[in-house]
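The values are calculated or read from the model by the stated rules, or taken from the named source; none is laboratory data. From a predicted model like this one, the values you see are computed outputs, not experimental measurements. Here the Cβ is made from the backbone with ideal geometry for all residues, glycine too, and neighbour counts use every protein chain on show.
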Amino acid sequence: MSFTPSDTSSPSSDAALEGPAGETSLDSMRTDESLGHLRRIGQRPSLGVYTVQLWHRRHYIWADSKARSRSGHRGMFLGSAWLVLKPLLDGAIYALIFGFLFNTNRGIANFPSYVIIGTFLFHATSNCLNGGASSITSGANMIRAFAFPRAALPLSVVTRGVVSMGPMLATMIALILIIPPHAQVTWRWLLFPLVLMLQMLLNTGLSLITARLTFQVPDFRLILGVIIRILFYGSGVFYSIDRFVHHPWLQFLMESNPLFIVLDMSRDVLLYDRTPALSSWLLLTERSLLILLIGYVFFWWKEEDYGRP
Amino acid sequence: MGGRDAARRQPSVVVRDLHVRYRTDADVVRHGRGRHGGHGHESRWLSGRGAVVEALRGVSFTTYEGESVGIIGQNGSGKSTLLRLVAGLERPTSGEVWASSQPALLGVNAALQPELSGAQNVRLGCLAMGLTPAEVDRVLPDILEVSAIGQAIRLPMKTYSSGMAARLRFAIAVATRSRILLIDEALATGDATFKERSEERLRERLSRAGTVFLVTHVGKVVEQQCARAIWLHDGEVVLDGPAYETAQKYRWWAWNVAQGKHSVADALLGEARSSAST
């Protein structure tokens with residue numbers, strides 16, 4: 001019997017059709033070629049089809065992300081101001097602790113701005129890691145109501161991050177311009193959006209990975225907190241790796257950490273008027289694309305399972 | 001039924017031997033349900049393997065274009081699970097669902113955000129159902145008319161009365177383009193005047209749909225709205241036939257269960273099962 005031209009499925013399908021209603025229609029099915037128009041429901045599509053479906057989903061992702069990033073702080077007294085205030089406070093605290101108390105600023109020019117860029121950009125990534133991790137749980141209602149490529153959930157977390165990035169970046173830029181020694185605007189600032197774009201690819205890949213991991217192993221959420229902390233200390237958010245890390249292996253590990261490269265390149269471009277080395281560009285592009293690709297396939301692999309109660 | 005006309009009718013949904021098994025935490029198992037509390041730190045590994053609940057055990061049927069099928073059964077009989085499987089929202093443990101197009105659950109609540117205005121929610125809900133922005137613009141006036149929200153469409157949805165919100169949700173939901181519609185339980189739809197209008201709108205919408213599944217535990221609803229009924233009990237099809245006869249048998253059985261006449265009910269169940277297999 002041929003169910004559809006593409007039907008390569010179970011050999012048990014004959015037995016499967018013996019039901020109260022199925023029995024009578026079974027014979028007609030065997031001969032009826034029109035069944036060829038049926039397709040399998042709830043089955044993971046190929047990566048290509050999946051990507052197309054995801055592309056069609058973009059309007060919803062965008063509308064939803066815009067709405068949510070606006071309503072995220074509603075009800076709080078300061079509302080959307082928190083988009084700016086939160087990283088501002090974080091930056092101030094780290095500059096204070098590491099600049100004044102621990103003197104990690106040794107050898108770093110314009111240390112306050114160094115820390116500000118570090119914390120602001122680090123938060124963009126850690127938000128995506130956390131958001132991705134909770135995206136399946138918080139999207140459970142959507143999953144139980146609509147059929148759509150589930151990768152849309154972690155993707156809308158990243159999109160939400162992008163939407164709220166506007167005010168955050170504006171604050172960051174304003175701060176590094178205001179705080180002495182003032183950063184100078186040069187043509188190299190034009191390179192910054194490129195770095196951001198690569199970081200966004202990285203964030204997307206990471207959030208897809210944390211989304212599936214937390215779905216399969218809820219305990220991962222706790223481990224993720226530890227990972228984020230390691231990432232925080234391992235990305236040179238508040239100190240210079242050249243100064244503090246002398247062990248060659250550790251240095252190698254840290255310098256191949258894509259988030260470190262993001263921070264390093266951003267500071268080069270925004271603070272030190274240096275064009276990042278070609279090797280940095282290539283390394284970051286390679287890492288980001290690789291993580292995105294791995295994350296995408298990794299998430300897609302379990303597509304059929306995310307609806308499991 | 002079904003088989004007789006199959007030669008000239010197009011199958012729209014084919015369900016083959018669906019089985020669904022859930023593994024649950026042992027202490028939160030309720031009869032016939034696959035839900036678990038999901039709170040606290042109850043461990044999956046440390047507190048033993050939990051219990052297995054079979055929500056569906058071998059359900060098969062075929063529906064055809066233009067058919068409206070009622071799925072009846074008591075709470076926990078597997079109706080809603082079946083609906084989610086047909087919608088492709090959940091994966092069966094074994095078995096397959098085939099359909100001529102992507103079936104859709106009627107309902108849009110999950111996509112709406114109470115903070116947003118009614119109009120913004122209309123847009124959001126429609127996009128969530130898979131409409132393109134251009135299509136949303138096209139159906140927008142219609143939705144506004146059906147919901148009869150008026151100027152309040154500019155206010156946040158959280159300010160709406162429950163009736164208004166229900167009307168708007170309904171109006172958005174029926175804008176779905178899906179040819180295979182899945183409806184869970186009777187739609188709660190606000191005040192009486194709207195009820196008439198919504199039923200009319202729903203009937204009109206259903207007539208455009210290829211196939212409609214209506215899940216309910218009320219036999220009467222199926223008699224009124226469907227041509228065919230499938231009676232589910234404990235995850236199995238008891239009876240699959242013309243809506244009136246099937247629903248009547250179900251109601252008589254359910255009445256006996258409610259009266260506590262379990263021996264009568266069991267006999268009826270057995271009778272229905274054997275009548276189905278002859």
Among the residues of region B:168-184, are any free of Cβ contacts under 8 Å to residues at least 40 places away in the same chain, of a type in the set (Lys, Arg) and in a helix (DSSP H, G or I)?
no
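Among the β-branched types (Val, Ile, Thr), within 13 Å of another protein chain (Cβ to nearest Cβ) and farther than 28 Å from B:Trp231 by Cα, is that true of B:Val122?
On the way: among the β-branched types (Val, Ile, Thr): yes; within 13 Å of another protein chain (Cβ to nearest Cβ): yes; farther than 28 Å from B:Trp231 by Cα: yes.
In short, yes.
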Only one of (1) farther than 30 Å from B:Ala229 by Cα; (2) crowded, with 20+ Cβ neighbours inside 10 Å; (3) basic (Lys, Arg); (4) more than 11 Å from chain A (Cβ to nearest Cβ) does not apply to B:Arg169, and that is (1)
Number of positions in region A:125-158 that are crowded, with 21+ Cβ neighbours inside 10 Å, within 14 Å of chain B (Cβ to nearest Cβ) and of a type in the set (Val, Ile, Thr):
2
Within region B:98-118, the residues that are at pLDDT 90 or above, more than 8 Å from every other protein chain (Cβ to nearest Cβ) and crowded, with 18+ Cβ neighbours inside 10 Å are B:Leu112, B:Gly118
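Kindly indicate which of A:Tyr272, A:Tyr239 is buried (at least 21 other Cβ atoms within 10 Å of the Cβ), more than 27 Å from A:Pro154 (Cα to Cα) and either out of contact with any strand residue (DSSP E or B) (no Cβ under 8 Å at 6 or more places or on another chain) or polar (S, T, N, Q) (or both).
Details: A:Tyr272 fails: buried (at least 21 other Cβ atoms within 10 Å of the Cβ).
From the options A:Tyr272, A:Tyr239, the qualifying one is A:Tyr239.
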Restricted to region A:77-97, and to residues that are surrounded by fewer than 16 Cβ atoms within 10 Å (Cβ to Cβ), over 25 Å from the mean Cα position of the chain (by Cα) and not in a loop (DSSP other than H, G, I, E, B), which residue is modelled with the highest pLDDT?
A:Ile93
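Rundown of residues vs (1) more than 24 Å from A:Ala145 (Cβ to Cβ); (2) at pLDDT 90 or above, yes/no style:
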| residue | (1), (2) |
| --- | --- |
| B:Val28 | no, no |
| B:Trp45 | yes, no |
| B:Arg49 | yes, no |
| B:Leu56 | no, yes |
| B:Thr62 | yes, yes |
| B:Leu82 | no, yes |
| B:Glu96 | no, yes |
| B:Gly130 | no, yes |
Report, ordered by the first and then the second residue, all pairs with beta carbons closer than 6 Å, sequence separation of six or more or different chains, a first member in region B:66-91 that is more than 10 Å from chain A (Cβ to nearest Cβ), and a second member that is assigned to a helix (DSSP H, G or I).
B:Gly70/B:Val222; B:Gly70/B:Ala243; B:Ile71/B:Lys79; B:Ile72/B:Gly219; B:Ile72/B:Val222; B:Ile72/B:Tyr250; B:Gly73/B:Lys79
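So that you can scan it fast, the table gives a plain yes or no per residue for (1) assigned to a helix (DSSP H, G or I); (2) farther than 15 Å from B:Val15 by Cβ; (3) not aromatic (Phe, Trp, Tyr):
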residue	(1), (2), (3)
B:Gly88	no, no, yes
B:Pro92	no, no, yes
B:Trp98	no, no, no
B:Glu115	no, yes, yes
Could you give every pair whose Cβ atoms fall below 9 Å, whose first residue belongs to region B:257-272 and is farther than 22 Å from B:Pro242 by Cα, and whose second residue is aromatic (Phe, Trp, Tyr) and surrounded by fewer than 15 Cβ atoms within 10 Å (Cβ to Cβ), counting only separations of at least 6 or pairs across chains?
B:Lys261/B:Trp255
Determine if region B:136-151 includes at least one residue that is in a helix (DSSP H, G or I), at the interface with chain A (Cβ under 9 Å from one of its Cβ atoms), surrounded by fewer than 23 Cβ atoms within 10 Å (Cβ to Cβ) and in contact with a Cys (Cβ under 8 Å, 6 or more places away or on another chain).
yes
